[in-house]
Every structure is written in structure tokens, then in C-alpha cells.
Amino acid sequence: MREFARGCAVCGVDVPEALRASHIVPWCSSTNAERLDPKNGLLMSANLDALFDRYLITFDNQGRLIASPALSEQQRALLGLGSWVRSHREDRSEATLKTALRPRESDDTAADARKDSLGWLEQFGRGLSGGRLEAALLAGEDRLLLDLAGWNTRRGTAIYLGLRLLLAVLVLGIALTLSDATGLSRIMVVIGALAAGLLLPKFALSAWVKRRRRAVNNELPLLIDLLRLLQGVGYSMDQSLQTLGDKLRDALPVLGGEIQEANVSYTHGRTRAQSLRRLSDVYGDDDLSSLVQLILQVHAHGGAVQEPLRQFSVRLREQRRNALKEKVGKLSVKMTVVMMLTVGEVVRPD
């Protein structure tokens, strides 16, 4: 009370019965010194203390109050936050402006690229950008593969361009060195070597994309279960997505990374629907798209989500169990045919 003699640190209310001493670092997570440190506390009115404890409000480095997007405009008004709160939308709008005004390339980025083990390849690929050669080597299908692989960035595109051209030249050189063909045969060797060098990176990228698709398919049930768990302990949908992207990413290597990228896009000013669009569309997984639609619905309108998630999880696992039974049945039929042919060959009389 002595540290905040004028009352609530936010609104100035000075009625002692309506004030609460709120810990910045929670009491259960504090050391003995932090529990007694006045700088680890804020004197706030009871409603603000409750919101602060449930992570529905926080403060920026300038001490301005920021409201969680889980609170609607109507709820903020009813709680008395409307007149002096700094909304999450304002934060995201400001972040969007800063991002838009930030130079796309900086000297530090270029220096980091030069120091990187693939920096030389990136620099080489960037030299090919913007011309007819890029249009020839980077078709729409290649961009889609890069997007699915998570490498659809300026760096990833530059490395892919550089690698395709260098491999084409390298394979051509090896083929001409080892081949003694002449005339038309030599021309065919040149065409084949160039095609092989150009297609090798694409084949490797396609294999990586298939691996990521399988990982997404395998991680989806765990994602649903973790989302149910976080919702069950009282997290909002935004808090759940933030936790999945930040703290549980090791359990979901692919989907966790995608959710983290969506969270970053959201904090930079995109709407939740825009930030999750890639997760919904790019993998072509109907179950994942349905889950994203459920997340967006809860984010926009609220409501209980544990039971829909439970039903979703049960239905998904049942579908996969049936698909596995079908595969096992087909394999059994094939094995039966093979066994019959084998037994027939063994018992056939001479």
C-alpha cells in the first residue's frame, strides 16, 4: 500500500476494501525474496487483479494496459476497460505498420547469410532472382512444393534456384566427362544430364513434402488432445494456440511450427482467420481444415469447445481405425493369393 499510496496503479481507485495486492510473478512461482519484493507487486482494483491473474490483461514496456483478444469490446466496456485500455487490435495495427515500414533486407541479414554454410548458395540464387531464368526454374508447382516444405521464403527460394542450376551444370559436366558419345547421341546425353540435374532438387523436395504430410497426419490426433487439455484447464483459444506454438512445439514438430508461424502473423496484424489460412489450405487435409474452422468459430463467438473436440477426436480415430482395418484386409487377400500359388507349386506332381 505504501508503494502505491494513491490507490490502484491503473485506475486510481483508493478504496482499501476494493484493492488487491497482485503479484507479477505468481506467488507459487516466486522465490521467498520475490514474494516480499514490492517491485514484484501491483496494487489494483479487485476486477483488474482477477483479470491479471487469468492473463486477460497485461502491460507493455511503457506501462500501458493491453487487453486480451478473448475479451470482446462489450465485455471490456462492462468491465470498465474501454476508456483507458490499449486494445490488442491497436497493438497488432501498430505492429503491422512497423513490419510494413521495416526494410525487407538489412546489412545484418546479408552478413548472416554470408557467414552461413549455405550463404554462398543463397547469394548465388539471389543473383538469379527477378529474371527469365527464375521464371523458367521456379514454376507454380515448385512454389507450391516450397510452401508445403516450409521453405517458401526469400532464402529458401534463392537456395532452391541456386541448387537447381548448379546441379544441372555439375551433372552435365560429369556426363560429358564420362560419355564417349558423338553426334545425336551426345546431344541426347546433354539433354538428359541437364534434365536430371534440374529435376533432382525437385524430387528431393517432393520426398520431403510427402514426409511432412505424413507427419501432419500423425500429429493431428495429438494436437486435438492437447487442445482439449489446454481448454480444460481454463485457457482461452488464443492462450492455447500460443502454448502449442511456444511450449509444446517439441511434441508437434510440424504442426507446432505451423501454429507458431500463425501466431507470429497474428501478432503482426493479420486476423486469426488469415493467420491460420495456410494451415487450413496448404496440406489438403480435410480433418485439419475442419479443426481450423472449429478454432476460428470458437475464437470469434466463444462457447464450450471440449465436447466438440472430444467428438472430433473420437470420429478421427474411428476413421483411421477403419482405414487400417481395410488395408489389413487387402493385404491379407494378397498374401492368401501368394500362399495359394506357392502351395500349388509345391504340391504339383512331376
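The condition (being open to solvent by 40 Å² or more (accessible area, probe 1.4 Å) and either of a type in the set (Asp, Glu) or in contact with a helix residue (DSSP H, G or I) (Cβ under 9 Å, 6 or more places away or on another chain) (or both)) is satisfied by just one residue among 190, 216, 209, 254: 190. Considered as a group, the residues in segment 237-254 that are assigned to a helix (DSSP H, G or I) and free of Cβ contacts under 8 Å to residues at least 40 places away in the same chain include one that is nearest to residue 150 (Cα to Cα), and that residue is 253.
If you filter segment 119-178 down to residues that are in contact with an Asp or Glu (Cβ under 9 Å, 6 or more places away or on another chain) and of a type in the set (Ser, Thr, Tyr), you find that the one that is nearest to residue 199 (Cα to Cα) is 160. Scanning segment 310-350 for residues that are at pLDDT below 80 and among the hydroxyl-bearing types (Ser, Thr, Tyr) returns 332, 336, 342.
Residue 141 satisfies every condition listed in (1) over 24 Å from the mean Cα position of the chain (by Cα); (2) modelled with pLDDT of 75 or more; (3) not aliphatic (A, V, I, L, M) except (1).
Let's see how each residue does on (1) touching a residue at least 24 places away in the same chain (Cβ under 8 Å); (2) closer than 19 Å to residue 244 by Cβ; (3) touching a Pro at 6+ places or on another chain (Cβ under 9 Å); (4) charged (D, E, K, R):
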residue	(1), (2), (3), (4)
268	yes, yes, no, no
271	no, yes, no, no
282	yes, yes, no, no
292	no, yes, no, no
299	yes, yes, yes, no
305	yes, yes, no, no
309	yes, yes, no, no
322	no, no, no, no
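Scanning segment 44-83 for residues that are at positive phi and of a type in the set (Ser, Thr, Tyr) returns a single hit, 55. Among the residues of segment 1-52, the ones that are among the hydrophobic types (A, V, I, L, M, F, W, C), modelled with pLDDT under 75 and open to solvent by 70 Å² or more (accessible area, probe 1.4 Å) come to 6 in all. Of the helices (runs of 4 or more DSSP H) contained entirely in segment 132-209, those carrying at least 1 residues that are polar (S, T, N, Q) fall at 154-178. For the structure I just gave you, tell me whether residue 150 is modelled with pLDDT of 80 or more, surrounded by fewer than 18 Cβ atoms within 10 Å (Cβ to Cβ), under 16 Å from residue 201 (Cα atoms) and under 24 Å from the mean Cα position of the chain (by Cα). In short, no.
The values are calculated or read from the model by the stated rules, or taken from the named source; none is laboratory data. Quantities reported herein were computed from a predicted structural model and do not represent experimental measurements. Don't worry about glycine lacking a Cβ; one is built from the backbone with ideal geometry, like all the others, and counts go over all protein chains shown. The accessibility values were calculated without ligands, DNA or RNA, using every heavy atom of the protein model including side chains. Shrake-Rupley method; radii C 1.70, N 1.55, O 1.52, S 1.80 Å.
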